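What follows draws every value from the coordinates through simple rules; no lab data is involved. Keep in mind that what you see is a predicted model, and the values were worked out from it rather than measured. No Cβ is skipped: glycine too gets one built from the backbone with ideal geometry, and neighbour counts run over all protein chains shown.
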């Protein structure tokens with residue numbers, strides 16, 4: 001249970017960080033902050049999460065052969 005709570009807190013912290021980053025960038029471009037904060041918090045971390053979830057597992061039995 002504690003691990004689930006810590007995981008949720010980390011996910012929310014990443015979402016807030018992404019939202020703030022996106023909102024600051026939008027404000028520099030003359031756009032409003034609040035909608036871009038929400039869009040950044042909801043959609044910005046999705047590509048990273050998908051890439052992390054579907055990354056190919058490393059195989060320890062593969063040996064790299066380097067030319068001598």
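Highest-first packing order for the peptide set 20-32, 3-15 is 20-32, 3-15, based on the mean count of other beta carbon atoms within 10 Å. The label point for residue 39 and the one for residue 12, both projected 7 Å from the Cα toward the Cβ, are 2.5 nm apart.
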